[in-house]
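Novice: Provided herewith is a single structure, encoded as structure tokens, for subsequent inquiry.
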Amino acid sequence: MKLPAYTQTSRMSSELGTLLLAASDNQLVGVWFDDQAHLPDLSACAPDTGQPVLHQAQAQLAAYFAGQRNQFDLPLSLATGTAFQQAVWQALLAIPFGSTCSYGQLASRIGKPSAARAMGAAVGRNPLTIIVPCHRVIGANGSLTGYAGGLSRKTALLQLEGAV
């Protein structure tokens with residue numbers, strides 16, 4: 001994943017570990033746990049010098065973890081992904097708080113019912129963890145499968161939302 005030029009980053013502590021946030025042109029381009037899979041190289045990014053969206057994201061994530069927010073209202077950029085990945089990430093945004101869906105159901109929602117495996121790869125590359133709720137995607141049999149931030153975090157997020 002190549003981040004936009006002039007990306008600024010910040011860090012925040014959460015109940016599930018340190019989150020790294022990235023923004024460019026006042027759009028949120030990334031939220032990752034500091035030890036998750038598929039973490040991009042952030043070494044060329046500048047530290048936050050006052051990107052309002054980074055402060056808004058931190059406040060909204062803190063409220064989410066405190067059980068005071070079930071939706072995010074932030075300007076997002078999904079442009080770091082391919083057209084297919086962007087379609088998958090848009091579909092993730094439609095999964096309601098407290099709900100789950102399977103990879104197969106998600107594939108059907110974007111008109112690619114035979115693409116469940118490709119769907120899994122795209123979900124795993126989601127650059128906006130929690131905000132774009134990839135943790136709400138589960139196996140066809142209801143099992144908690146795959147999460148770039150780790151299955152214990154996926155379980156905790158679903159418990160926070162009352163989905164398990």
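The values are calculated or read from the model by the stated rules, or taken from the named source; none is laboratory data. As the structure is a computational prediction, the values presented were derived from the model and not from experiment. Counting neighbours? That spans all protein chains shown, and the Cβs are built from the backbone with ideal geometry, glycine included. Accessible surface is based on the protein model in full, side chains and every heavy atom, while ligands, DNA and RNA are left aside. Shrake-Rupley method; radii C 1.70, N 1.55, O 1.52, S 1.80 Å.
Novice: How much accessible area per residue does the chain have, in Å², with a 1.4 Å probe?
Specialist: Here the per-residue accessible area is 47 Å².
Novice: Sorted by packing (mean other beta-carbon atoms within 10 Å per residue), highest first, where do 152-162, 44-54, 116-126, 21-31 land?
Specialist: Details: 152-162: 17.3, 44-54: 14.5, 116-126: 19.0, 21-31: 22.5.
Ranked by mean Cβ neighbours within 10 Å, highest first: 21-31, 116-126, 152-162, 44-54.
Novice: Defining a contact as two alpha carbons under 8 Å apart and six or more residues distant in sequence, what relative contact order in percent does the chain show?
Specialist: Answer for the chain is 21 percent.
Novice: Moving to a separate point now. Using a 1.4 Å probe and ignoring any ligands, DNA or RNA, find the accessible area of T80 and quote it in Å² to the nearest 10.
Specialist: Roll a 1.4 Å probe over it and T80 shows about 30 Å².
Novice: Taking the convex hull of the Cα atoms, report for the stretch 83-161 its projected area averaged over all directions, in nm².
Specialist: Answer in nm², one decimal: 4.5.
Novice: Could you tell me the center-to-center distance, by alpha carbons, between the stretch 108-164 and the stretch 1-40 in angstrom?
Specialist: Answer, in whole Å: 19.
Novice: Please state the relative contact order of the stretch 85-164 as a whole percent: Cα pairs under 8 Å, 6+ residues apart?
Specialist: Result for the stretch 85-164 is 32 percent.
Novice: In nanometres, what is the gap between the two model label sites at Q159 and L42, each 7 Å from Cα along Cα-to-Cβ?
Specialist: 2.6
Novice: Give the angle, between 0 and 90 degrees and rounded to the nearest 10, that separates the Cα long axis of helix 52-65 from the longest principal axis of the Cα atoms of the chain.
Specialist: Its long axis makes an angle of about 50 degrees.
Novice: Positive end of the charge dipole of the chain (Lys, Arg +1 and Asp, Glu -1 on Cβ, about the Cα centre): tell me which of L144, A156, A79 has its Cα farthest that way.
Specialist: L144
Novice: Hey, another quick one. Helix 83-93: angle to the longest alpha-carbon principal axis of the chain, degrees 0 to 90, nearest 10?
Specialist: Value to nearest ten degrees: 80.
Novice: Same structure again: Share of the chain's accessible area from carbon and sulfur, percent, 1.4 Å?
Specialist: 49
Novice: Note the angle between two axes, namely the Cα long axis of helix 151-160 and the longest principal axis of the Cα atoms of the chain, as a number of degrees from 0 to 90, rounded to the nearest 10.
Specialist: 90
Novice: Is the shape of the stretch 8-66 rounded, prolate or oblate, going by the alpha carbon gyration tensor and its root eigenvalues a ≥ b ≥ c, with a/c under 1.5 for rounded and a/b larger than b/c for prolate?
Specialist: Oblate is the answer for the stretch 8-66, as a/c is 1.5 or above yet b/c matches or exceeds a/b.
Novice: Name all residues of the stretch 41-63 having a backbone nitrogen under 16 Å from the label point set 7 Å from the Cα of D34 along its Cα→Cβ direction, giving them as ranges.
Specialist: Output list for this probe position: 41-43, 47-48.
Novice: Only helical DSSP H runs with n ≥ 4 go in: add -39500 (n - 2.57) per run for the chain, normalise by residue count and round the 222 nm mean residue ellipticity to 500 deg cm²/dmol.
Specialist: That comes out to -9000 deg cm²/dmol.
Novice: Something else about it: Just for the chain, what percent of DSSP beta bridges are antiparallel, to the closest 5?
Specialist: Values: 13 of 19 bridges.
So the antiparallel bridges amount to about 70 percent of the total.
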